[in-house]
1. Here is a check on your reading of the model: is residue A:72 part of a loop (DSSP other than H, G, I, E, B), of a type outside the set (A, V, I, L, M, F, W, C), near ligand 1 (Cβ under 7 Å from one of its atoms) and open to solvent by 10 Å² or more (accessible area, probe 1.4 Å)?
2. For the list (1) within 16 Å of ligand 1 (Cβ to nearest atom); (2) hydrophobic (A, V, I, L, M, F, W, C); (3) within 20 Å of residue B:246 (Cα to Cα), I need the number of the one condition that residue A:417 fails.
3. Within region A:327-408, which strands (runs of 3 or more DSSP E) (wholly inside it) include 3 or more residues that are crowded, with 20+ Cβ neighbours inside 10 Å?
4. Criterion first (closer than 30 Å to residue A:174 by Cα and away from ligand 1 (no atom under 16 Å from the Cβ)) does residue A:92 satisfy it?
5. So, of the residues in region B:249-270 that are within 16 Å of the chain's Cα centre (by Cα) and open to solvent by 10 Å² or more (accessible area, probe 1.4 Å), which turns out to be nearest to the other protein chains (Cβ to nearest Cβ)?
6. Restricting to region B:118-151, count the residues that are in contact with a Ser or Thr (Cβ under 9 Å, 6 or more places away or on another chain), within 22 Å of residue B:180 (Cα to Cα) and touching a residue at least 60 places away in the same chain (Cβ under 8 Å).
7. Run down A:102, A:146, A:120 and say which single residue is modelled with pLDDT of 85 or more, more than 16 Å from ligand 1 (Cβ to nearest atom) and out of contact with any strand residue (DSSP E or B) (no Cβ under 7 Å at 6 or more places or on another chain).
8. Suppose we filter region A:91-118 for residues that are open to solvent by less than 50 Å² (accessible area, probe 1.4 Å) and either part of a loop (DSSP other than H, G, I, E, B) or under 15 Å from residue A:200 (Cβ atoms) (or both); how many remain?
Amino acid sequence: MRGGRFGRPPRRDERLRTESLNRKAAIPTGSQSGRESERDPADAPAVELVGITKQFPGVLANDDISLTVRHGEVHCLLGENGAGKSTLISILSGMVRPDAGEIRVGGRMVQIDSPRAALELGVGTVYQHSTLVRALTVLENLLLGETRGLRLDVEAARARLAEVAATLGVEIDADAPAGELALGRQQQVEIVKALWRGSRVLILDEPTSMLTPQGVAELQKVLRRLKETGISVIFITHKLHEALAVADRITILRAGRVVGAIETAELEGSSAEEVQGRIVRLMFGEDARAVADVAELRTDLEGEQAPLDEQRSEAATLLALSRVSARPVGGFDPGLEEVSLELAEGEILGIAGMDGNGQRSLAEVIAGERALSAGEIRLYGVPVERLDVSARQKLGLRYVTDDRLGEGIVSSLPVSLNLFLKRIGQRPFWRHGRIEHRSVEREAQSLVKAFDVRTPSISTRAGALSGGNVQKVVLARELSFEPKVVVFNKPTYGLDLRTTSTVRDMIRGLARGGGAALVISTDLDELLDLCGRILVLSGGRLVGEVENGPNAGERVGELMVGAGDVAAA
Amino acid sequence: MTGATTDTALSPETRPLEPIAPSHRFVSDALDVVVRSIVPVLLALGAGAILLLALGRDPITFYSNVWKGGIQLTAWQDSAIRAAPLLLIAVGLVVVFRANIWNLGYNGQFLLGAALISGLGPHLVASEPRWLALLLLFLVAGGAGAAWTLVPALLKARYETNEIITTLMMSFIGVGVANILIKGPFQDPSVNIPQTRVLPLNKMLPSIPGTRIHIGVLVALAAALLVHFVLTRTSFGLRLQILGANPRAARHVGVKVPRLIVMSFLVSGLLVGLAAAADILGTWGYVRANWNPAYGDTVIPFVFLARLNALAVIPFVVFYAVLSTGGDLATQQASLSTDFLLVLVALILLFMTVIEYLGRRRALGASYLTPGLQQALRSPRLRRRTSA
Ligand SMILES: Nc1ncnc2c1ncn2[C@@H]1O[C@H](COP(=O)(O)OP(=O)(O)OP(=O)(O)O)[C@@H](O)[C@H]1O
Ligand SMILES: [Mg+2]
């Protein structure tokens with residue numbers, strides 16, 4: 001019975017906006033409510049959020065948010081860092097309880113008070129940060145959610161994994177420890193986990209931020225397949241072109257509120273630039289102009305680095321690696337094999353390559369976290385292989401890790417201490433082994449201000465910050481106190497347009513001010529935007545060098561693929 | 001642009017973030033402590049009362065006897081004396097637990113220290129001045145405790161061996177070695193029972209004038225204060241905390257993890273050894289074979305209730321000391337075994353777990369469990385499966 005008495009979408013949309021928050025309604029729990037109120041499931045939206053409000057200490061993360069997700073649509077959620085996107089989907093997925101508001105799934109009002117309840121309602125979630133238990137295998141991670149029966153049916157689980165993986169078009173080793181998989185692969189496991197129980201709604205919080213272009217393309221294909229089977233997807237991203245490529249509808253949040261929505265008709269009816277411009281205005285309001293020159297919004301990235309390039313021949317070499325090798329780590333990082341490179345003053349050198357090709361080893365070897373098995377590293381001409389992390393840090397050698405929550409911060413410690421983790425025991429913040437709270441706090445205040453970290457206070461737990469702001473904390477730590485040579489591993493993933501542009505400006509500023517940057521990224525556009533030269537890393541070896549210029553992107557791509565072929569042969 | 005857009009507000013007024021009022025935070029912190037730490041104790045005492053009723057005893061008489069025997073008149077001094085070794089062990093556990101390291105070998109470390117000083121003590125006090133002899137004995141006990149952690153510490157630092165297993169193993173060996181020493185070289189030849197020679201009373205730890213309280217109690221208090229200071233105010237303490245909260249971050253920020261593991265083990269063993277010194281030199285004066293007070297086992301729940309805070313440990317240990325001192329009288333009067341006190345401790349542990357479980361669901365303040373332990377609690381079934 002289509003078009004029953006209840007819920008024709010247009011009318012409901014209007015009602016949603018005017019509905020008052022504290023409207024009391026009977027909340028049917030457990031089994032279906034009476035026939036009367038039952039709607040044709042095809043008619044009711046897949047998910048409706050009405051007047052969702054959530055206050056955290058010092059932050060109103062969600063302020064009266066209403067949102068409708070229809071069946072089989074990809075609904076994009078956009079907004080700057082800290083806008084409240086993750087909070088909203090955490091409410092939908094049962095991780096966080098709203099202070100006010102209601103949730104309807106398939107037209108039925110529900111209370112979602114645990115992740116399990118969400119799964120049972122057919123809402124599966126892939127969080128921004130990995131929830132896999134690193135020490136357990138893929139299969140064990142998937143079995144963690146199993147509740148039926150005391151015995152774990154391993155064989156059935158194996159079959160289910162193969163089935164879901166086939167739907168997604170990916171290959172996953174069931175017995176690999178989750179912690180040893182590359183980040184991109186870990187995420188595929190997370191998607192499998194979300195769909196494990198046959199979810200009808202899939203939430204993806206910034207799923208593409210760590211994927212290679214192929215990975216992104218693959219994911220988009222997966223989304224299209226899911227759509228065909230009628231599954232709705234809520235998709236959070238900071239990349240506008242991705243949003244435009246996959247979205248049926250877009251909702252934009254700002255400071256905890258819905259500030260606008262773009263409907264299917266508009267997405268189809270107007271040009272990409274028009275829509276992008278509108279989204280940026282909605283996301284950043286008056287600050288939109290600051291974002292105008294973000295690389296993402298332009299298309300002509302290549303060959304802009306000429307001035308930096310010309311300086312290079314005369315400039316002093318700040319960092320030099322000669323034939324550096326490092327042992328592989330687990331099945332996840334191939335280590336390094338005879339890597340040689342030179343980084344000159346004022347240079348921004350790019351390292352391209354797919355995730356898990358030795359990027360982490362390269363960064364850690366330079367930072368001093370991992371021992372080399374052979375070779376030499378010179379900083380300002382002086383060998384530093386024997387110096388530890390903090391000694392190198394003191395010399396101005398810094399490392400911005402790509403695993404922010406995993407190792408970049410200690411989430412239970414306050415923001416202030418996190419800013420000084422690499423200076424523990426050093427003056428003036430520690431004297432005779434004793435912490436000087438006053439100097440730590442004063443300096444933390446000014447760093448928080450300088451790097452625009454959005455936090456209620458410096459004593460807030462670092463783990464409570466939004467993803468983008470965690471990155472700002474890490475950047476503030478590494479780029480303060482005279483940085484000279486900085487290794488950036490995926491410096492802008494998960495950052496909003498404005499912060500991305502700020503960070504890239506910081507990197508350029510570092511180079512211009514006589515420092516140098518080594519930018520490791522899987523995002524080719526980022527490298528083309530920043531670097532004069534790009535080296536391609538594959539299987540732990542440098543397989544080629546490309547000067548930024550016309551067709552540089554293509555050539556880097558060829559090197560990546562070519563090297564892959566050689567390795568496979 | 002098409003008309004299908006639904007802008008509600010183009011520029012929402014910017015709301016400045018309000019800093020959290022300190023008083024507010026203080027209140028919620030205080031509430032936190034009450035719920036997580038004190039409620040389990042109260043519930044256990046309540047359940048204990050019900051149990052007493054079921055056993056046909058009067059709980060009011062029982063608890064008032066605890067009060068009489070543990071606090072009234074000069075009984076509080078006995079409680080204080082009893083608290084000394086407990087406190088030193090508790091503080092020693094706080095140090096390692098903070099770093100997410102599980103030194104469960106305290107019984108071996110304690111008894112080894114105890115056996116060594118009971119054996120050496122009578123000779124030393126005879127040949128050296130009293131203060132020097134006592135100082136040396138404290139060092140011997142502390143050193144023995146620390147040395148006994150060395151194997152698990154090095155194994156963990158170098159090969160990431162699970163220290164729960166290695167410390168327990170070393171504990172068994174330590175207890176065995178202590179008994180061999182007592183029955184062998186340290187055996188008092190003048191008696192038939194396997195025990196060491198008894199320290200003369202006037203050579204034991206001096207008391208605070210006007211009381212029976214020996215200065216071992218002061219040593220314990222000083223240790224708690226010192227450890228608290230080190231853990232909260234120094235770079236060593238912060239490194240320990242980072243290691244406990246996120247070992248990968250510790251490595252990333254340049255903490256020398258293996259060295260820190262060994263250091264914290266040594267400090268922990270040292271404090272356990274000092275506990276043995278305070279107990280033997282202050283209270284007993286000798287050791288008998290097969291004696292094992294297992295102080296560490298009773299004190300662990302309180303270490304967690306105090307949320308691994310060396311200062312907060314003090315009231316909890318004092319509470320238990322009073323309970324056990326007064327409990328001697330109370331159980332005797334009620335003609336119960338003193339094991340009933342262990343039942344109370346077990347009840348505390350039980351309610352602690354229940355509150356911890358509820359706390360996770362209802363956000364009752366911060367957990368006193370480290371992330372790793374929370375994980376284990378969350379998926380006990382899987383743990384069993386993988387270990388099978
Ligand atoms: N558990 C928490 N405790 C306290 N504050 C929190 C908590 N979770 C989120 N917040 C705060 O709520 C606000 C919204 O955070 P949220 O993570 O939803 O942002 P977001 O839109 O997902 O940002 P990003 O793009 O950076 O991931 C932030 O100011 C954040 O600091
Ligand atoms: Mg987020």
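The values are calculated or read from the model by the stated rules, or taken from the named source; none is laboratory data. Please read these numbers as outputs of a predicted model, since none were measured by experiment. Glycine gets a Cβ as well: all are built from the backbone with ideal geometry, and neighbour counts include every protein chain shown. Ligands, DNA and RNA are excluded from the accessible area calculation, which covers all protein heavy atoms including side chains. Shrake-Rupley method; radii C 1.70, N 1.55, O 1.52, S 1.80 Å.
1. Working: part of a loop (DSSP other than H, G, I, E, B): yes; of a type outside the set (A, V, I, L, M, F, W, C): yes; near ligand 1 (Cβ under 7 Å from one of its atoms): no; open to solvent by 10 Å² or more (accessible area, probe 1.4 Å): yes.
For residue A:72, the condition - part of a loop (DSSP other than H, G, I, E, B), of a type outside the set (A, V, I, L, M, F, W, C), near ligand 1 (Cβ under 7 Å from one of its atoms) and open to solvent by 10 Å² or more (accessible area, probe 1.4 Å) - is not met.
2. All conditions pass for residue A:417, except number (1).
3. Details: elements: A:336-344, A:348-352, A:374-379, A:397-400.
It comes to A:336-344, A:348-352, A:397-400.
4. Values: closer than 30 Å to residue A:174 by Cα: yes; away from ligand 1 (no atom under 16 Å from the Cβ): no.
No.
5. Applying the first criterion (within 16 Å of the chain's Cα centre (by Cα)) to region B:249-270 yields B:264-270.
From what's left, open to solvent by 10 Å² or more (accessible area, probe 1.4 Å): B:266-267, B:270.
Values: B:266: 17, B:267: 14, B:270: 18 Å.
Here the answer is B:267.
6. The qualifying residues number 8.
7. Details: A:102 fails: out of contact with any strand residue (DSSP E or B) (no Cβ under 7 Å at 6 or more places or on another chain); A:146 fails: modelled with pLDDT of 85 or more.
When all the criteria are applied, what remains is A:120.
8. Residues of region A:91-118 that are open to solvent by less than 50 Å² (accessible area, probe 1.4 Å), as a first pass: A:91-94, A:96, A:98, A:100-107, A:109-110, A:112, A:114, A:117-118.
If we keep only those that are either part of a loop (DSSP other than H, G, I, E, B) or under 15 Å from residue A:200 (Cβ atoms) (or both) too, we end up with A:92-94, A:96, A:98, A:103-107, A:110, A:112, A:114, A:117-118.
Within region A:91-118, residues that are open to solvent by less than 50 Å² (accessible area, probe 1.4 Å) and either part of a loop (DSSP other than H, G, I, E, B) or under 15 Å from residue A:200 (Cβ atoms) (or both) number 15.
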